[in-house]
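Peer 1: Sharing a structure, written as structure tokens. Questions coming.
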Amino acid sequence: MTFSDVQLLLDILPQEICGRIENPDTLVEIVLDLGRPLELRYSSGEVEIYEDYYITEPVLDQITNKLSSF
């Protein structure tokens, strides 16, 4: 992902998620599985799992409501 791609993604994510992304330059994947904890994966192979922040329907609704039609 380029910087602009990452910035576009960060713009639609809730602050509770954005605030946990320590190094957006090496971010590879954000796992947003319903009912599971937030998971961030980096190009270094590091995986951060946030057991204190579970993905809920309102979280997913907040994100999808900011997306435009394809």
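Every number here is computed from the coordinates shown, using simple stated rules; none is lab data. All of these numbers come straight from a predicted model, not from anything done at the bench. We place every Cβ from the backbone using ideal geometry, glycine too, and count neighbours over all the protein chains shown.
Peer 1: Out of residues 5 or more away from Tyr53 or on other chains, whose amide H comes under 5 Å of its own, with H placed 1.01 Å from N in the peptide plane?
Peer 2: Leu38
Peer 1: Of (i) 31, 29, 19; (ii) 36, 26, 22; (iii) 59, 26, 15, which one was derived for Cα extents along the principal axes in Å from the structure shown?
Peer 2: Label of the calculated value: (i).
Peer 1: Under a point-charge model restricted to the Cβ atoms of Lys and Arg (+1) and Asp and Glu (-1), what is the dipole moment magnitude of the chain relative to its Cα centre, in debye to the nearest 20?
Peer 2: That gives the chain a dipole magnitude of about 180 debye.
Peer 1: Over the chain, calculate the relative contact order: mean separation of alpha carbon pairs under 8 Å at least 6 apart, over the residue count, as a percent.
Peer 2: Relative contact order here is 26 percent.
Peer 1: Go through the stretch 36-53 residue by residue and turn each phi into a ³J(HN,Hα) via Karplus (6.51, -1.76, 1.60, θ = phi - 60°); whole Hz please, and just put x for glycine and proline.
Peer 2: Here the 3J(HN,Hα) series is 10, x, 4, 10, 10, 10, 10, 4, 6, x, 5, 10, 10, 10, 9, 5, 8, 9 Hz.
Peer 1: Would you grab the residues whose amide H sits under 5 Å from the one on Val28? Only those 5+ places off in sequence or on another chain, please, with H modelled 1.01 Å from N.
Peer 2: Arg41, Tyr42, Ser43
Peer 1: What net charge do the residues around Val47 carry, taking every other residue with its C-beta under 10 Å from that of Val47, with Lys and Arg at +1 and Asp and Glu at -1?
Peer 2: -3
Peer 1: State, to one decimal in nm, how far the label point of Gln7 lies from the label point of Ser69, with both points 7 Å from Cα in the Cβ direction.
Peer 2: In this crude label model, Gln7 to Ser69 measures out at 2.8 nm.
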